[in-house]
Amino acid sequence: KSQVIYLTIGILGFDATGNFVTVYDKQKVNELIPDTVFARNVVSTYDKAANKKDSTYWKEARPIPLEADEKKDYVVKDSIRHKEEDPHYRDSLRRIGNKVKVFNLLFFGYTYTTRGYKDVFTINPIIVDFPGNNNMLNYNIVEGMNIAPKITWRHPLDTGKYLQGAMALRYGFSNTHFNVIARLGYVNEDRYWKGRSWEIGVQGGKYVFQYNPDNPIWPIYNTAAALFYHENDLKIYERWDGTAYFKRDFGNGLKFDLKASYQKRLPLDNTTSYSFASQPTDGFTSNLPEHLQSITTWEEHDAVLAHAAVSYQPGYTYTQYPDYKVSNGSRWPVFSLGYDKGIPDILNSKVDFDKWRFGVRDNFSMKLLGVIKYNIAAGGFLNSNYVSIPDLMHLYGNRGIGYAAPYLTSFQFAQYYDFSNKEPIYGEAHIEYHMDGLISNKIPLLRQARWYMLLGTNTFYATQKDYYTEAFIGIDNIGWKFLRFLRVDFVQSWDSRGGTNSGIRFGINASGLLSLSLGTNNMANNDWEW
């Protein structure tokens, strides 16, 4: 009939207490339920008028009268709501937020909002960006010192409908190349089904890109490596680009995206060898890695490309609120399939290939035994008549000093382009077993610290002469109080070229209470390369 929950919370020296009372009334027991209620996986519904009752109804229906502080709280919150909705108040907050702060401009970027919040413009930070892949000022030995401002724009049209755009400019002071690229998209989000949307747009211009479209090398890291360690991991090229795209999210676990592109790819060479380090001036390597030279031809050429990708997670259920529906997610894995086609003889296109990739990823809970997280994929080239460097299969490698690349998508010690290939078939697996206290709770000090152990592997295999694997053991949930987001791994690697590496990687545990990420994986979220 009724249920009472008493709650006490202690965070950073502050204590909070509360109680929750639930009264179950007018229940229908052993009564037939129409099949239409659950026909579309709706597991919970709310009456259309549930949040539209007036005070008269609640005086009669509320089994427990409001306490004095509850009545006061309603009055205070209603007054705050009216204040926050006042156009003059909102405009004053907008003007305050639009003030330029040097510290934010250097390290976090800047946002400008027009009157009525009709347009929002943002620009990337000048010096440092977290995680480090979007700052404006960088250095590499191809362009020298370069400045790359990126401006984004958002303009609402109606509820759930808006235009969004982005423009990136770039100038290298050593090679004196100026580039600019922009995109414009229209987004339509379903107001009655949260999570259901579609987007259509175009992109065009000329810009600088990494050979690997997943952008594994952070420009800010490469800047430090080139200036202080005389190393240049960043390998880049220029291209003219014209693209049309369409993306659809059905809100039920099914997503797809389509993209058609014309590209004119332009090789780049090193133009400077300046560094603070004391190594010889010829210590930098070529902008074209040796392994890439051995497996394909790199030249100026045109490319017409088509891309299609679909992902599906079955088992979605939903909650029907009075005005909209929301998904509750699913316990099933996510299945994905991608296909890329290089189309020859159109607009002077030279590329001619068919590339596919199928993947399965999931977090599998074993309750008290912990969680197994995995991302397993297979792919290859059905046709490889002409495969250019950006179209090869590239590993998401990492040569960073200490930091971890994104978990479950990358290889922590793999060289960036040593395992790039155009093989007919390959396999890739990223598996982690998080013990969640299964062992550490039995060890003194670790139990008090609430540090959890994990182990796993990242493995790639194409042929007996082309494979890479690494195993790791680590500790996550490192931190203090509720700020537990650090992770440390010891990694050991082996590969088909007889290479071995071992070392420590520091990263962010995105499954902690404070969810952060040290990087993005464009292959996973279909983000843009620039």
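The values are calculated or read from the model by the stated rules, or taken from the named source; none is laboratory data. Everything numeric here is computed off the predicted structure, so don't read it as measured data. Methodologically, a virtual Cβ is constructed for each residue, glycine included, from the backbone with ideal geometry; neighbour enumeration extends over all protein chains shown. Areas reflect the complete protein model, heavy atoms only, side chains present, ligands, DNA and RNA absent. Shrake-Rupley method; radii C 1.70, N 1.55, O 1.52, S 1.80 Å.
Test of understanding: given the chain, find the longest segment containing no GluC sites (Glu not before Pro) that are in a DSSP loop and have at most 13 other Cβ atoms within 10 Å. Before the final figure, lay out the partial values.
Working: sites that count: Glu31, Glu67, Glu299, Glu300.
In short, 68-298.
Per residue of the chain, what 222 nm ellipticity follows from adding -39500 (n - 2.57) for every DSSP H run with n ≥ 4, rounded to the nearest 500?
Theoretical 222 nm ellipticity from helices: -3500 deg cm²/dmol.
Compute the FRET efficiency between Lys26 and Tyr57 as 1/(1 + (r/R0)^6), taking r as their Cβ-Cβ distance and R0 = 22 Å, and round to the nearest 0.05. Mind dumping the intermediate values first?
Working: r = 14 Å, r/R0 = 0.62.
Approximately 0.95, to the nearest 0.05.
Would you mind getting the accessible area per residue of the range 37-119, heavy atoms of the protein chains only, 1.4 Å probe, in Å²? Intermediate results must be reported in sequence, preceding the final value.
Details: 7100 Å² over 83 residues.
Accessible surface, normalised per residue, equals 86 Å².
Quick check on the range 47-202: what are the equivalent-ellipsoid semi-axes from the Cα gyration tensor, as sqrt(5λ), descending, whole Å?
Working: eigenvalues 427, 87, 40 Å².
Equivalent ellipsoid of the range 47-202: 46, 21, 14 Å, largest first.
Could you work out the relative contact order of the range 409-513? I mean the mean sequence separation of Cα pairs under 8 Å and 6+ apart, divided by the number of residues, in percent. Please list the in-between numbers first.
Numbers: 214 pairs, mean separation 22.5, N = 105.
About 21 percent, as a whole number.
Quick one: in the range 315-404, what % of C-alpha pairs are over 19 Å apart? Walk me through the numbers on the way to the answer.
Numbers: 2636 of 4005 pairs.
Pairs farther apart than 19 Å: 66 percent.
Between the range 299-377 and the range 120-192, what is the separation of their alpha carbon centroids in Å?
Going from one Cα centre to the other spans 25 Å.
Return the distance in nm (one decimal) between the two label points of a simple spin-label model at Trp193 and Lys77, each offset 7 Å from Cα along Cα→Cβ.
Here the answer is 3.1 nm between the modelled labels.
Mind checking the angle between helix 87-97 and the chain's longest principal axis? C-alpha axes, 0 to 90 degrees, to the nearest 10.
Roughly 30 degrees between the two axes.
Relative contact order (percent) for the range 217-363, with alpha-carbon contacts under 8 angstrom and 6 or more residues of separation?
With pairs under 8 Å counted, the relative contact order is 20 percent.
Go through Lys259/Lys341; Lys1/Lys26; Lys48/Lys194; Lys83/Lys194; Lys235/Lys264; Lys206/Lys355 and tell me which ones have a Cα-Cα distance over 19 Å in this structure. If you can, show how the numbers build up before the last one.
Values: Lys259/Lys341 11 Å; Lys1/Lys26 10 Å; Lys48/Lys194 17 Å; Lys83/Lys194 28 Å; Lys235/Lys264 17 Å; Lys206/Lys355 25 Å.
In this structure, Lys83/Lys194; Lys206/Lys355 lie more than 19 Å apart at Cα.
Going by alpha carbons, how many degrees (0 to 90, nearest 10) lie between the helix axis of 219-229 and the longest principal axis of the chain?
For helix 219-229, the angle is close to 50 degrees.
With both partners inside the chain, how many of the DSSP beta bridges are antiparallel, as a percent to the nearest 5?
Working: 175 of 182 bridges.
Bridges in the chain that DSSP calls antiparallel: roughly 95 percent.
Report the FRET efficiency, 1/(1 + (r/R0)^6), for Leu369 and Ala429, where r is their Cβ-Cβ distance and R0 is 22 Å, rounded to 0.05. All intermediate terms of the calculation are to be shown ahead of the outcome.
Working: r = 21 Å, r/R0 = 0.94.
Efficiency at R0 = 22 Å is approximately 0.60.
Please list, or write none, the aspartates and glutamates whose alpha carbon is within less than 18 Å of the alpha carbon of Lys99, excluding same-chain residues fewer than 8 places away.
Cross-link targets: Asp91, Asp119.
Out of the range 102-189, which trypsin sites (Lys or Arg not before Pro) are coil in DSSP terms and have no more than 11 other C-beta atoms within 10 Å?
Numbers: sites: Arg115, Lys118, Lys150, Arg154, Lys161, Arg170, Arg183; in loops: Lys118.
Qualifying residues, ordered by number: Lys118.
Compute the accessible area per residue over the range 233-321, keeping the other protein chains in place, probe 1.4 Å, unit Å². It would help to have the intermediate numbers written out before the result.
Numbers: 4220 Å² over 89 residues.
I get 47 Å² per residue for the range 233-321.
Helix 68-85 versus the longest principal axis of the chain: what angle, 0 to 90°, nearest 10, using Cα atoms?
50
I'd like the Karplus ³J(HN,Hα) series for the range 462-477: coefficients 6.51, -1.76, 1.60, θ = phi - 60°, whole numbers in Hz, and an x wherever there's a Gly or Pro.
Ordered by residue, 3J(HN,Hα) equals 10, 9, 5, 9, 8, 8, 8, 8, 8, 10, 8, 10, x, 10, 10, 6 Hz.
Which FRET efficiency value, to the nearest 0.05, is calculated for Leu382 and Trp494 with the Förster distance at 22 angstrom and r the Cβ-Cβ distance?
Values: r = 30 Å, r/R0 = 1.35.
According to the calculation, E is roughly 0.15.
Compute the Rg/Rh shape ratio of the range 21-89: radius of gyration over Kirkwood radius, all on alpha-carbon atoms. Walk me through the numbers on the way to the answer.
Details: Rg = 18.1 Å, Rh = 16.2 Å.
That ratio equals 1.12.
If amide hydrogens are placed 1.01 Å from N in the peptide plane, which non-local residues have theirs closer than 5 Å to the one on Phe419?
It is Leu395, by chain and number.
Pop out the Kirkwood hydrodynamic radius of the chain from its pairwise C-alpha distances, inverse of mean 1/r, in Å to one decimal. Write down the numbers at each step before the final one.
Numbers: mean 1/r = 0.0369 Å⁻¹.
Kirkwood radius, the chain: 27.1 Å.
Give the cross-link partners of Lys52 among the aspartates and glutamates, using a straight C-alpha distance below 12 Å as the criterion and excluding same-chain residues fewer than 8 apart.
Asp323
Given Cα pairs under 8 Å that are at least 6 residues apart, what percent is the relative contact order of the range 372-446? Kindly include the intermediate steps, with their values, before the conclusion.
Working: 104 pairs, mean separation 32.2, N = 75.
Answer for the range 372-446 is 43 percent.
Taking the alpha-carbon centroid of each part, what is the distance from the range 4-67 to the range 88-107 in angstrom?
First find each Cα centre; the distance between them is then 40 Å.
Can you give me the P(r) profile for the range 131-288? Cα pairs, bins 5 angstrom wide beginning at 0, each as a whole percent.
P(r) for the range 131-288, in whole percents per bin: 2, 8, 14, 17, 16, 12, 10, 8, 6, 4, 2, 1, 0.
Amide H of Met136: which non-local residues (sequence gap of 5 or more, or other chain) have their own amide H closer than 5 Å, using H built in the peptide plane?
Ile126, Ile127
Run the reach check for Lys442 against lysines, Cα to Cα strictly under 19 Å, same-chain hits fewer than 8 apart removed. What comes back?
Lys442 reaches Lys367.
If you roll a 1.4 angstrom probe over the protein chains with everything in place, what fraction of the accessible area of the chain belongs to carbon and sulfur, to the nearest %? Could you put the intermediate results ahead of the total?
Details: 17810 of 29950 Å².
After summing per-atom areas, the C and S share lands at 59 percent.
Counting other Cβ atoms within 10 Å, which chymotrypsin sites (Phe, Trp or Tyr not before Pro) in the range 315-410 have at most 15 and lie in a DSSP loop? Walk me through the numbers before you get to the answer.
Numbers: sites: Tyr316, Tyr318, Tyr324, Phe335, Tyr339, Phe353, Trp356, Phe358, Phe364, Tyr374, Phe381, Tyr386, Tyr396, Tyr403, Tyr407; in loops: Tyr316, Tyr324, Tyr396, Tyr407.
Filter output for the range 315-410: Tyr324.
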